[in-house]
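Accompanying notes for the structure given below.
The values are calculated or read from the model by the stated rules, or taken from the named source; none is laboratory data. Everything numeric here is computed off the predicted structure, so don't read it as measured data. Here Cβ is always computed from backbone atoms with ideal geometry, including for glycine, and neighbour counts include all displayed protein chains. For the accessible areas, the whole protein counts, side chains as well, though only heavy atoms, and no ligand, DNA or RNA atoms are used. Shrake-Rupley method; radii C 1.70, N 1.55, O 1.52, S 1.80 Å.
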Amino acid sequence: MGLAQVMALGVDITYFVTAFVFIYGLKQMSSPVTARGGIVIAGIAMLAASLITFGVPQIRLELDINMVLMLVALALGSAVAYVSAKRVAMTDMPQMIAIYNGMGGGAAAAIAAVELVKLSGGGVSHGLVVQVLAVLGAVIGSVSFAGSGIAFAKLQGLLKKTTRLPMHQFINLGLFAIVCVTGFWVATGQPVVFAYVVVFFLVALALGVMVTLPIGGADMPVVISLFNALTGLAVAFEGFVLDNAAMIIAGTVVGSAGTLLTQLMAKAMNRSLANVLFSSFGSDSGAAAEEEIEGSMKEIQAQDAAIMMAYADNVVIVPGYGMAVAQAQHKLKEMEGLLEARGVTVKYAIHPVAGRMPGHMNVLLAEAGVEYDKIFDLDEINPEFPRADVALVIGANDVVNPVARSNPDSPIYGMPILDADKAQNVIVIKRGQGAGFSGIENHLFYADNTRMLYGDGQKAVGELIANIKQL
Amino acid sequence: MIEAQPEFAGFTALYIFMLAAFTGYEVISRVPVILHTPLMSGSNFVHGIVLVGAMIALGHAEGPLELTIGFFAVVLAAGNAVGGYVVTVRMLEMFKSSKGAK
């Protein structure tokens with residue numbers, strides 16, 4: 001065996017091991033105990049795969065322009081991502097996942113672009129199938145890239161309004177048609193026409209922007225998860241183009257896992273994926289179907305609320321996005337400690353879509369040091385609410401709205417909710433009297449056993465702590 | 001080495017695709033909700049393997065246009081891999097304290 005063959009064998013073996021370790025690492029992530037080990041070995045595999053790639057025949061091991069650019073690009077991309085990932089606050093995690101995911105999609109599209117530009121310059125085609133897959137990967141990657149960028153801008157607050165052009169869906173349909181036609185020309189072109197490639201990519205990017213623009217912030221996690229799955233698929237397709245098994249396997253695994261995750265999220269919100277993508281939530285339905293609300297909102301002072309909780313046996317805390325915004329998780333942990341010192345059992349109830357992503361609340365509570373065996377999801381905690389003396393709802397709204405159970409006309413009807421209303425007493429910490437993200441009035445706030453504690457989440461819990469301490 | 005028949009190689013790739021799709025589905029279906037966000041982040045890191053493809057694309061790029069696109073491919077892919085890794089590790093690090101207590 002010559003040196004080249006040894007090198008080729010080494011590359012193949014490394015890619016094989018990498019693919020195995022990725023799957024094993026993801027498997028390890030299915031338990032909180034082994035999760036960290038899983039990502040670390042996956043990281044080592046990624047490093048090994050990147051290094052061995054210098055040994056593939058397409059890369060010349062000499063200091064030519066390609067190599068210089070490669071080293072600069074590696075250093076630049078890694079450094080920027082490393083610094084930004086280290087600096088970002090935990091509450092801003094969803095948009096960081098969006099942006100890194102978009103980068104992956106962009107990279108997949110760019111790989112396709114290099115191959116297609118090569119073909120338009122008279123490069124040798126590797127067959128129709130490869131060309132078609134390159135084009136498919138290019139569309140999916142471009143949409144994921146542009147869409148993730150918009151998702152990032154929205155969650156980061158750079159793009160505040162939900163833009164909806166007249167005939168928006170028709171424009172999207174038109175863009176999609178143009179992508180299909182130019183994509184077909186590029187995929188079957190022999191030779192490939194350069195101008196088509198350019199139009200194809202520009203329209204694919206525009207489509208990604210236009211698809212994401214009308215989607216509201218509440219639906220963003222589902223969309224980010226969808227783009228994550230799409231990027232995986234794009235990577236897999238480009239893996240076929242480059243004949244790279246590691247890319248095919250890793251990309252496909254992410255593609256299918258991401259699809260499942262997306263479905264789980266959409267299901268938790270009781271919405272179909274099509275519904276998320278093609279209709280904006282609460283904009284036209286809902287208001288007309290509102291039924292009359294009986295009762296009124298009753299305010300409570302922090303002092304009384306503190307007494308209520310301090311002398312309770314069971315307290316269930318229901319955190320929502322408002323808690324994340326107010327960064328109240330550390331205060332909550334402090335209050336939990338005080339209550340437990342008084343013999344109160346404290347549990348946390350997490351709705352699947354509380355916050356901006358499934359598990360977002362868990363991450364924030366974990367950051368504050370809340371043990372994960374005190375955190376329960378919907379199915380586990382719902383039977384316990386009738387036994388709870390106090391349910392403390394902090395910054396959550398739609399996920400505790402009993403309308404989802406009672407009013408078939410409500411847009412959120414049928415969505416599984418946390419039965420906080422069944423607790424003996426409900427304390428709602430809320431900034432003001434407005435409706436929730438979906439714009440639906442929350443009947444829980446008007447219930448007889450509900451008391452409203454107005455104020456910023458962190459401040460309100462701070463006052464509760466101060467009052468509990470004085471008891 | 002024996003050169004594989006093109007049709008066979010294509011089908012092998014299809015088999016890999018199918019099996020990997022099932023694998024991904026199975027791996028995720030047993031994950032508790034509390035790990036969904038770290039897991040999305042983790043799978044986001046895994047498709048950072050696109051870096052390998054980006055490096056190959058830039059490696060055999062010719063002419064200024066291909067080189068420019070290839071350069072961006074590697075920058076973006078490196079960002080995906082490194083950013084995805086750091087964010088995931090940061091999230092999972094928070095589960096460590098409670099692990100020690102158990």
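Evaluated against (1) open to solvent by 30 Å² or more (accessible area, probe 1.4 Å); (2) within 9 Å of chain B (Cβ to nearest Cβ), residue A:61 falls short on exactly one condition, (2).
Rundown of residues vs (1) touching a helix residue (DSSP H, G or I) at 6+ places or on another chain (Cβ under 7 Å); (2) within 20 Å of residue A:468 (Cα to Cα); (3) in contact (Cβ under 8 Å) with a residue 40 or more places away in the chain, yes/no style:
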site	(1), (2), (3)
A:302	yes, yes, yes
A:307	no, yes, yes
A:312	no, yes, yes
A:319	yes, yes, yes
A:326	yes, no, yes
A:331	yes, yes, yes
A:348	yes, yes, no
A:352	yes, no, yes
A:383	no, no, no
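When the stretch A:161-211 is filtered for residues that are assigned to a loop (DSSP other than H, G, I, E, B) and polar (S, T, N, Q), the ones remaining, listed by number, are A:162, A:163, A:190.
Listed here are the residues, each with its yes/no results for (1) more than 7 Å from every other protein chain (Cβ to nearest Cβ); (2) of a type in the set (Lys, Arg); (3) in a helix (DSSP H, G or I); (4) within 30 Å of the chain's Cα centre (by Cα).
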{"residue": "A:15", "(1), (2), (3), (4)": "yes, no, yes, yes"}
{"residue": "A:20", "(1), (2), (3), (4)": "yes, no, yes, yes"}
{"residue": "A:37", "(1), (2), (3), (4)": "yes, no, yes, yes"}
{"residue": "A:45", "(1), (2), (3), (4)": "yes, no, yes, yes"}
{"residue": "A:48", "(1), (2), (3), (4)": "yes, no, yes, yes"}
{"residue": "A:54", "(1), (2), (3), (4)": "yes, no, yes, no"}
{"residue": "A:57", "(1), (2), (3), (4)": "yes, no, no, no"}
{"residue": "A:75", "(1), (2), (3), (4)": "yes, no, yes, yes"}
{"residue": "A:92", "(1), (2), (3), (4)": "yes, no, yes, yes"}
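Taking the criterion of being touching a residue at least 24 places away in the same chain (Cβ under 8 Å) and in contact with a Leu (Cβ under 9 Å, 6 or more places away or on another chain), the only residue of the stretch B:22-40 that qualifies is B:38. Output yes when any residue across the stretch A:27-42 is touching a helix residue (DSSP H, G or I) at 6+ places or on another chain (Cβ under 7 Å) and within 29 Å of residue A:115 (Cα to Cα), and no when none is. Yes - at least one qualifying residue is present in the stretch A:27-42. Exactly one residue out of A:215, A:248 is within 14 Å of another protein chain (Cβ to nearest Cβ) and open to solvent by less than 20 Å² (accessible area, probe 1.4 Å): that is A:248.
For the stretch A:112-128, the candidate set comprises residues that are part of a helix (DSSP H, G or I) and free of Cβ contacts under 8 Å to residues at least 12 places away in the same chain; within that set, the residue that is nearest to the other protein chains (Cβ to nearest Cβ) is A:114. When the stretch A:160-192 is limited to residues that are among the hydroxyl-bearing types (Ser, Thr, Tyr) and under 27 Å from residue A:130 (Cα atoms), the one that is farthest from the chain's Cα centre (by Cα) turns out to be A:188.
Of the residues making up the stretch A:375-422, those that are of a type in the set (Asp, Glu) and part of a helix (DSSP H, G or I) are A:379, A:380, A:384, A:398, A:421. Taken as a whole, the condition of being buried (at least 17 other Cβ atoms within 10 Å of the Cβ), in contact with a Pro (Cβ under 9 Å, 6 or more places away or on another chain) and either basic (Lys, Arg) or closer than 15 Å to residue A:105 by Cβ (or both) applies to residue A:151. Against the definition (buried (at least 16 other Cβ atoms within 10 Å of the Cβ) and among the small types (Gly, Ala, Ser)), how does residue A:43 come out, yes or no? Here the answer is yes, as residue A:43 does meet what is asked.
Name the single residue that is farthest from the other protein chains (Cβ to nearest Cβ) among those in the stretch B:29-50 being assigned to a helix (DSSP H, G or I) and open to solvent by 10 Å² or more (accessible area, probe 1.4 Å). Applying the filter and picking the extreme gives B:29. Could you list, in sequence order, all residues of the stretch A:345-396 that are under 25 Å from residue A:448 (Cβ atoms) and charged (D, E, K, R)? Those that are under 25 Å from residue A:448 (Cβ atoms) and charged (D, E, K, R): A:347, A:384, A:387, A:389. When residue A:101 is tested against (1) touching a Ser or Thr at 6+ places or on another chain (Cβ under 9 Å); (2) farther than 24 Å from residue B:47 by Cα, just one condition goes unmet, and that condition is (2). Mind listing just one residue for me: the one in the stretch B:58-80 that is open to solvent by 30 Å² or more (accessible area, probe 1.4 Å) and hydrophobic (A, V, I, L, M, F, W, C) and, of those, farthest from residue B:44 (Cα to Cα)? Filtering the stretch B:58-80 for residues that are open to solvent by 30 Å² or more (accessible area, probe 1.4 Å) and hydrophobic (A, V, I, L, M, F, W, C), the one farthest from residue B:44 (Cα to Cα) comes out as B:65. Every condition in (1) within 25 Å of residue A:302 (Cβ to Cβ); (2) buried (at least 22 other Cβ atoms within 10 Å of the Cβ) is met by residue A:425 except one, and the failing one is (2). Taking (1) in a helix (DSSP H, G or I); (2) surrounded by 14 or more Cβ atoms within 10 Å (Cβ to Cβ) in turn, residue A:83 satisfies each apart from (2).
With respect to (1) free of Cβ contacts under 8 Å to residues at least 60 places away in the same chain; (2) more than 7 Å from chain B (Cβ to nearest Cβ); (3) open to solvent by less than 70 Å² (accessible area, probe 1.4 Å), the lone exception for residue A:30 is condition (2).
Taking the stretch A:274-368 and the helices (runs of 4 or more DSSP H) fully enclosed by it, the elements with 1 or more residues that are surrounded by fewer than 24 Cβ atoms within 10 Å (Cβ to Cβ), modelled with pLDDT under 85 and away from chain B (no Cβ under 14 Å) are at A:321-326. Filtering A:68, A:56 for residues that are open to solvent by 50 Å² or more (accessible area, probe 1.4 Å) and either under 24 Å from residue B:63 (Cβ atoms) or touching a residue at least 60 places away in the same chain (Cβ under 8 Å) (or both) leaves a single hit, A:68.
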